[in-house]
1. Under a crude label model (7 Å from the Cα following the beta-carbon direction), how far is Lys26 from Leu69 in nanometres?
2. Compute the Kirkwood hydrodynamic radius of region 2-128, taking the inverse of the mean of 1/r over all pairs of distinct Cα atoms, and give it in Å to one decimal.
3. Within region 61-100, which trypsin sites (Lys or Arg not before Pro) sit in a loop by DSSP and count at most 12 neighbouring Cβ atoms inside 10 Å?
4. Measure off 7 Å from each Cα along the Cα-to-Cβ vector at Gln133 and Met77, then give the distance between these two points in nanometres to one decimal.
5. Once you have the Cα-Cα distance between Asn41 and Asp116, take 0.36 nm times their residue separation minus that, and quote the gain in nm to one decimal.
6. In square nanometres and to one decimal, what's the mean projected area of the convex hull around the Cα atoms of region 70-130?
Amino acid sequence: MLLASCGSTLSVDDYPTESGTSVNCKALVADHPLTVAGQKNRLVRDGNAAAWGDPAIILRCGVEKPRELGPAARCDMINDVGWFTESTADGYLFTTIGREYFVSVEVPHDYDPEADALADLADFVARHDPVVQPCV
């Protein structure tokens, strides 16, 4: 969810983060791709987030485990990264599964198919957020 936009700089809403993830998240965000789903990156005020395009595709690092994510939850594998998918009013919220920490990606409906953004981010996420237990 976006709070404000001034030119190309975004302010991302506050979100709860898992303790101990800030160092890893800083490295992940600092190395984010320049384009995702054909959209150029945008400046973001939150140090644990990255964004691309308008409306923004927003990556948040170190988020809490989604409440609905349980042992029987569906896992969508995209380029060897497992994602838990939730529908939102404006698109989809994807959260990594089975990694050292949770990374979420908010993709608006404007970017159909939404999985293209995940395909562009998969290698990047895998490089910075190691697998703990692969999803099946």
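1. Here the answer is 2.3 nm between the modelled labels.
2. Values: mean 1/r = 0.0687 Å⁻¹.
Result for region 2-128, one decimal place: 14.5 Å.
3. Sites meeting the loop and neighbour criteria: Arg67, Arg74.
4. 1.7
5. Contour length minus the Cα-Cα distance gives 25.5 nm.
6. 4.1
Computed from the coordinates by the stated procedures, all read-outs in this text should not be read as laboratory data. Quick caveat, the model's predicted, so the values are computed rather than measured. Quick reminder, even Gly has a Cβ in these numbers, built from the backbone with ideal geometry, and neighbours come from all protein chains shown.
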